[in-house]
Every structure is written in C-alpha cells, then in structure tokens.
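Enquirer: Below are the structure tokens for one structure; questions will follow.
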Amino acid sequence: MDFSWIWIGIKEGFAEMTWLEAVAVFFGIASVIYSIKKNILVFPTGMVSTIIYVYICLQYKLYADMGINAYYFGMSVYGWYLWSRPPGEKEELPVTWLSKKGIIQSVALLLGSYAALYFVLSNFTDSDVPYWDSFTTASAFVGMFLMAKKKVENWIAWIITDIVSVPLYYYKGLMLTSFQFLFFTVLATIGLIEWIKSAKNKKAEYA
C-alpha cells in the first residue's frame, strides 16, 4: 500500500503552516498527552491551543469549531477547578464510568447540539461544511464535558471527533492541523486504554 500521500501532506502542511498554527498544534498535542497522564496541566496547555484556534477557525469559516474552541476554554477553567478540588478527602478526582443515565444524557447532548449547530450554520452563516463542522463540534462538546468530570467515555467522543476532523481540516487546507487530528486519534486510543485501567484500579480499591 502506498502511504506516500501522508508524507506529501505533512510536507505541504509545514510549507503552508503559519507560526500561529504551529504554536496551537504544539500546545494541543501537549494537552492531550497531559490528559492521558491525568495531569492537571492538560487545562492550561489546552487553553493556549484553543484560544489560538478560535482565531484560526474564524479565518477559515469553521464557525462551529470556532465556537467549540471558545467552549473548550471555558470548560478548561471548569475542569481545572474540579481536578484541583476533589470531593471529600480524596487526593484527586477519580476516573469513573458514566452511569446509564449519564450515557443517555450524553447522547441527548450530542444529538441536540448537532441539530442546533447545523440549523445555525446552514441558515445564518456562509459555511460550506455545515454537516461536518456541526458534527465534530457536537462530539467534541460532549468529549470536553466528560473529560472535565474525568469520565472514561470522554475518549470515545474524542476518537469520533478526531477521525471526522482529519478529512475536514484537510479539505479546508489546514494540512498540519489535519495530521494533528490523525495523531490525536492515536493518542485518544491510548488515553482510552489508560483510563479504562485507571477506572478498574479505582473500582478494585473500593471493592
């Protein structure tokens, strides 16, 4: 199988990359790595990346992604607060699974936010990718909310977001960002495995 297109895409991405995109990519990758390690630095590094992407997405007419990056920033503040103030006498907020009710609420949040975003993008903006921009934003919306609460399922939402974001950003000409999301898919899979182990260990401690 010929994978030369990957190398060509990476070279094109570096050739077209602005210093601003490079900084955003660097801090974005750092944030995901810190998230895998359950390190609170996931939030300040993520905040740097997201505030830059608000500007970048505005330039490329990715309005829903611009909004979700602004949301990331706000949720990072919320997550930072939760992680630094664990409930009771626990040293840190534990990694846990969603309850059945939580799963239903997360799915409802995904579908509801997708419908609302698509309506706004298709009727009130000049976006040429309303379906995909709305979907990646809705799934990321759920992922960030669940990450702030240290739920294992946040990684499932991120994997879905990352897979769809790869062709979306490639289509918009943001090559390096596209390959960043390809890398994010790998990191999110690792994160899912690590957090499953952590949740099992926590459950065993309280058994």
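Enquirer: Taking only segment 122-142 into account, find how many residues are farther than 30 Å from Leu93 by Cα, open to solvent by less than 60 Å² (accessible area, probe 1.4 Å) and of a type in the set (A, V, I, L, M, F, W, C).
Expert: Going through segment 122-142 one residue at a time, the tally reaches 1.
Enquirer: Given the conditions (1) in contact with a Leu (Cβ under 9 Å, 6 or more places away or on another chain); (2) over 20 Å from Thr50 (Cβ atoms); (3) in contact (Cβ under 8 Å) with a residue 60 or more places away in the chain, and given that Leu93 satisfies all but one, which numbered condition is not satisfied?
Expert: Answer for Leu93: the failing condition is (3).
Enquirer: Name the one entry in Tyr53, Tyr114 that is farther than 23 Å from Ser31 by Cβ, buried (at least 16 other Cβ atoms within 10 Å of the Cβ), out of contact with any Pro (no Cβ under 7 Å at 6 or more places or on another chain) and of a type outside the set (A, V, I, L, M, F, W, C).
Expert: Answer to the check: Tyr114.
Enquirer: Next question. Among residues belonging to segment 143-162 that are assigned to a loop (DSSP other than H, G, I, E, B) and open to solvent by less than 40 Å² (accessible area, probe 1.4 Å), point out the one that is modelled with the lowest pLDDT.
Expert: Lys150
Enquirer: Among Phe181, Phe119, which is surrounded by 17 or more Cβ atoms within 10 Å (Cβ to Cβ) and not assigned by the TED database to the domain that holds Gly46? Spell out how you get there, then give the answer.
Expert: Working: Phe119 fails: surrounded by 17 or more Cβ atoms within 10 Å (Cβ to Cβ).
Within the list Phe181, Phe119, the selection yields Phe181.
Enquirer: Is it the case, given these coordinates, that Ile196 is at pLDDT 85 or above, farther than 21 Å from Ile56 by Cβ and either touching a helix residue (DSSP H, G or I) at 6+ places or on another chain (Cβ under 7 Å) or not in a helix (DSSP H, G or I) (or both)?
Expert: So Ile196 fails the test.
Enquirer: List the residue pairs whose Cβ atoms are under 8 Å apart, where the first residue sits in segment 108-137 and is among the small types (Gly, Ala, Ser), the second is surrounded by 12 or more Cβ atoms within 10 Å (Cβ to Cβ) and not in a helix (DSSP H, G or I), and the two are 6 or more positions apart or on different chains.
Expert: Between residues of segment 108-137 that are among the small types (Gly, Ala, Ser) and residues that are surrounded by 12 or more Cβ atoms within 10 Å (Cβ to Cβ) and not in a helix (DSSP H, G or I), the close pairs are Ser127/Lys61; Ser127/Leu62.
The values are calculated or read from the model by the stated rules, or taken from the named source; none is laboratory data. Since the model is a prediction, treat every value here as computed from it, not as a measurement. As a convention, Cβ positions derive from the backbone with ideal geometry for all residues, glycine included, and neighbour counts pool all protein chains shown. To get the accessible areas, we keep the full protein, side chains included, count just its heavy atoms, and leave off ligands, DNA and RNA. Shrake-Rupley method; radii C 1.70, N 1.55, O 1.52, S 1.80 Å.
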